[in-house]
């Protein structure tokens, strides 16, 4: 419903829907302070009984030429900061989505390859779920980033290292028979 | 004396009776936060106007330092008057809006030079903040403006109740230039409203811009010390003879600690006494800096500490 009045002092007088038990933050090109305000109100009203869920934490969606637009992660961070609580993130690297796939299809992790361009989402989820992980270099990640994690002494960073990489997924074609 | 030792932890003592006179007596001046200290919404804290009057009569300075970036200092001067406070002039008031403008003037206009060539500022905020930036001699980039023209040399994030995804994207576009500054008026995650609800603060908007741009903002407001530098430059305040009075441990009290001021927490605003006591009991070294030297239920409780 539209909020009354032009300013925040008016918006906080609008009635809240008594049935709301979760705030879900996804990609929202119409995100606004007014919506952030309403989200905060629901979270304060419900306390721990109102879930705060985010679809993913991606910072940016890359476009051609190095440009990009803000990602869902920015909006999740705004809500988390205002509410001073952490969101449950459904998307990669959380294994929840893999569990959804495995629940619908007969997937054997030992015989499944996860293909992605992002270390802290695609590769990390694949490694956490026991999949073979394959990095493609047509996206956000450059190879020296991988080397950095490999050479670090930090076990957490080793989870970001893929089993294999290709320059592009087209490189897989030659090994697939007719 | 009133100086706060930088090595020992403050002990959050209630200020009253003889202790009150011992602390206030030697003080040359007091810095006050505004929201939750002098007023709550449109109501002055009972006794607050009288306290300021008694400070004036005692020859002690009263200056004001607020993270609220909504209003220009001219608007704040009118607000003080409207709420019953006498004799407070704009020059006594240091808001994060004013100080952000001063900061940007320093960084973009530097030592001398006129406005041209300094670049423009993209402001995420209301008319009060935009006015302070203009008054500092800087030019604003407008929303939805095409990229051509004088480059944007700073993005300033303030309290912006008209914040949108489009403005966030526009800010990120400017921040692709590593020479473009990212500045935030204050770090406050939320502000209380009179009926107990909360409204999101600049901190939540800054978090969105930082996440999208991969940059960390320079934060002008409390607990950072830039606003104190502005005060010292204009009035030459001696920290060892000055008290900081505020209602928010994470901003006002930490600001006092960072600037070498003894601190008084007043309980008419955001922070509860239990929170100060929890910081005092915490094992975390950083928590100690959030403990006030003293506390009062309201700043009206300071009145008996002043001479008749």
Being away from every other protein chain (no Cβ under 14 Å), closer than 17 Å to residue B:100 by Cα and modelled with pLDDT under 95 narrows B:149, B:119, B:144 down to just B:119
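Results for (1) in a helix (DSSP H, G or I); (2) more than 22 Å from residue B:129 (Cβ to Cβ); (3) touching a residue at least 40 places away in the same chain (Cβ under 8 Å), shown as yes or no for each residue.
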{"site": "B:18", "(1), (2), (3)": "yes, yes, no"}
{"site": "B:23", "(1), (2), (3)": "yes, yes, yes"}
{"site": "B:65", "(1), (2), (3)": "no, no, yes"}
{"site": "B:69", "(1), (2), (3)": "no, no, yes"}
Return a yes/no flag: does segment B:171-194 have any residue that is free of Cβ contacts under 8 Å to residues at least 24 places away in the same chain, over 20 Å from residue A:66 (Cα atoms) and touching a helix residue (DSSP H, G or I) at 6+ places or on another chain (Cβ under 8 Å). yes
Being outside the structural domain of residue A:26 (by the TED database), in contact with a helix residue (DSSP H, G or I) (Cβ under 9 Å, 6 or more places away or on another chain) and over 25 Å from residue A:157 (Cα atoms) narrows A:102, A:78 down to just A:102
Sole miss for residue A:177 among (1) in a loop (DSSP other than H, G, I, E, B); (2) touching a residue at least 12 places away in the same chain (Cβ under 8 Å); (3) out of contact with any strand residue (DSSP E or B) (no Cβ under 8 Å at 6 or more places or on another chain) is condition (2)
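Conditions tested, residue by residue: (1) under 12 Å from the mean Cα position of the chain (by Cα); (2) surrounded by 15 or more Cβ atoms within 10 Å (Cβ to Cβ).
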| residue | (1), (2) |
| --- | --- |
| B:52 | no, yes |
| B:63 | yes, yes |
| B:68 | yes, yes |
| B:76 | no, yes |
| B:81 | no, no |
| B:87 | no, no |
| B:90 | no, yes |
| B:98 | yes, yes |
When segment A:110-137 is checked residue by residue, the ones that are surrounded by 13 or more Cβ atoms within 10 Å (Cβ to Cβ), at pLDDT below 95 and more than 16 Å from residue A:56 (Cα to Cα) are none
Of the listed residues (A:14, A:39), the one being in contact (Cβ under 8 Å) with a residue 12 or more places away in the chain, within 13 Å of chain B (Cβ to nearest Cβ) and over 21 Å from residue A:76 (Cβ atoms) is A:14
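The values are calculated or read from the model by the stated rules, or taken from the named source; none is laboratory data. None of the values given here were measured: they were computed from a predicted structure. FYI the Cβ positions are ideal-geometry reconstructions off the backbone, even for glycines, and counts take in every protein chain you see.
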